[in-house]
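Below is one structure, written out as structure tokens; comments come after it.
Quick note: the coordinates plus some simple rules give every number you see, no bench work behind them. On a predicted model such as this, the values are computed, not experimentally measured, just so you know. Cβ coordinates were reconstructed from backbone atoms using ideal geometry, including for glycine residues, and neighbour counts include every protein chain displayed.
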């Protein structure tokens, strides 16, 4: 608990130093979070350059408005929200950049590729089952499970990212898991959720 408290304090301190004009703090934030943002952004589009441009725009904007930014104890979440909003704005202007048909359900279907699967003969059957499970989940279902089980975001944070209320998030998670269990009754799903969704 003490370690977690110190981490939160250090994160808030880094952000506050950036807000006050500390160039080293700004550079540290970029170095620590830019690659995480890129991985996150690539879940919404296959256009690598677009994601890089949007990350650049996010950092330009927060730097320009740093003195007016609110304090935060979760820089990663703050930047994820900013990047998703930046991508949504681009998608609304040019839908060809978006990997799916609706900007309401942005996460791409391809969470994993053959390169990400365990390359062992005994794992092939499970790998194939994972692919089948991913196919039955909608982008919005994958999105909420990703935020909850991979990024371990709170329901309040998921509300901000997905623009839906607490009850809707709970319903979406429960229906997603039920859908997998009903379709694959003999497959253990809860313990494998991180494996199913992680790239």
Any idea how far apart residue 152 and residue 32 come out in nm if each label point goes 7 Å out from Cα toward Cβ?
-> 1.6 nm
Order of 90, 144 from fewest to most other C-beta atoms within 10 Å?
-> 90, 144
Given 70-81, 163-174, the highest-first ranking by average Cβ count within 10 Å works out to 70-81, 163-174
For the range 19-73, what is the per residue volume of the convex hull drawn over the alpha-carbon atoms, in cubic angstrom?
-> 88 Å³
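Using 0.36 nm times the number of residues separating residue 182 and residue 12, minus their current alpha carbon distance, what extension gain do you get? Please list the in-between numbers first.
Details: separation 170, 0.36 × 170 = 61.20 nm, distance 4.32 nm.
Length difference between fully extended and current span is 56.9 nm.
How big, on average over all directions, is the shadow cast by the Cα convex hull of the range 2-97, in nm²?
6.3 nm²
Using r as the Cβ-Cβ distance of residue 174 and residue 134, and R0 as 25 Å, what FRET efficiency do you calculate, to the nearest 0.05?
0.85
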